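Below is one structure, written out as structure tokens; the observations come after it.
A short reminder: the numbers here are calculations on the coordinates, not readings from a lab. As the structure is a computational prediction, the values presented were derived from the model and not from experiment.
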Amino acid sequence: MNRRSKVLDLVYMAVGAVLITVCSWISIPANIPFTLQTFGVFFVLGLLGGRRGTISVLVYILLGAVGIPVFSGFTGGIGKLLGMTGGYIIGFLFMGGIYWAAEKMFGKKLLVRIISMLLGNLVCYTFGTAWFMIVYAGQTGPITLGAALGMCILPFILPDLAKMALAIFLSDRMKRLLHL
């Protein structure tokens, strides 16, 4: 890999972290408001691929961990990561790792990308919900799995599937435009 390619990779990964940040700031009001944060992760993985996309996610998380307000609601800091929803943010790394591994093992075919995003999202849900339940129990008291799923997962399944589909569609178009 030549020097120009390395610099381009760094630029792509930095832009990926910025895209996730901007998407996390966009909040769609509803009974339970949701952000476009997961769309940003799906889009960056689809656009940049597993390696560069996962590194973009890591950069995003590290920026937030040191206090830069990259998370939803213009928040940042280690406290956000250690809070009730921090497990979902950390779960984005699992999404990236699964996407990266699937891409390496099975290639970049559309079906592989869809399945790896679905599986990555499932792992993110699982890790984030377990984290939520632990933090919630420590701060508020015990919570049942059913209650946690009702609060943290069920309202987001359909929006996340829509965001995933849109991210795949748009990242494919952008790759052709940018010749990635």
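Things worth noting here:
- Among the lysines of the chain, pairs at least eight places apart or on separate chains and with Cα atoms under 29 Å apart come to 12.
- Using all pairs of distinct alpha-carbon atoms, the Kirkwood hydrodynamic radius of the chain works out to 16.6 angstrom.
- Tensor-based shape of the range 99-148 (alpha-carbon gyration tensor, a/c under 1.5 rounded, otherwise prolate or oblate): prolate
- For the range 48-56, 3J(HN,Hα) computed residue by residue from phi via the Karplus equation (6.51, -1.76, 1.60; θ = phi - 60°) reads 9, x, x, 5, 5, x, 5, 5, 4 Hz, glycine and proline entered as x.
- Across the range 3-170, the relative contact order, built from alpha-carbon pairs under 8 Å that are at least six residues apart, equals 22 percent.
- The distance from the alpha carbon centre of the range 23-65 to that of the range 91-132 is 13 Å, rounded to a whole number.
- Cα gyration tensor shape of the range 1-94, rounded if a/c is under 1.5, else prolate or oblate by comparing a/b with b/c: prolate
- Along the range 141-157 the Karplus relation, 6.51 cos²θ - 1.76 cosθ + 1.60 evaluated at θ = phi - 60°, assigns HN-Hα couplings of x, x, 9, 7, 4, x, 5, 5, 5, x, 7, 9, 10, 3, x, 9, 4 Hz to successive residues, with x for each Gly and Pro.
- Backbone amide hydrogens, once placed in the peptide plane, bring T35 within less than 5 Å of I28, excluding anything fewer than 5 places away on its chain.
- Derived scalar couplings ³J(HN,Hα) [the range 74-80; Karplus, 6.51 cos²θ - 1.76 cosθ + 1.60; whole Hz; x for Gly, Pro]: 6, 10, x, x, 5, x, 5
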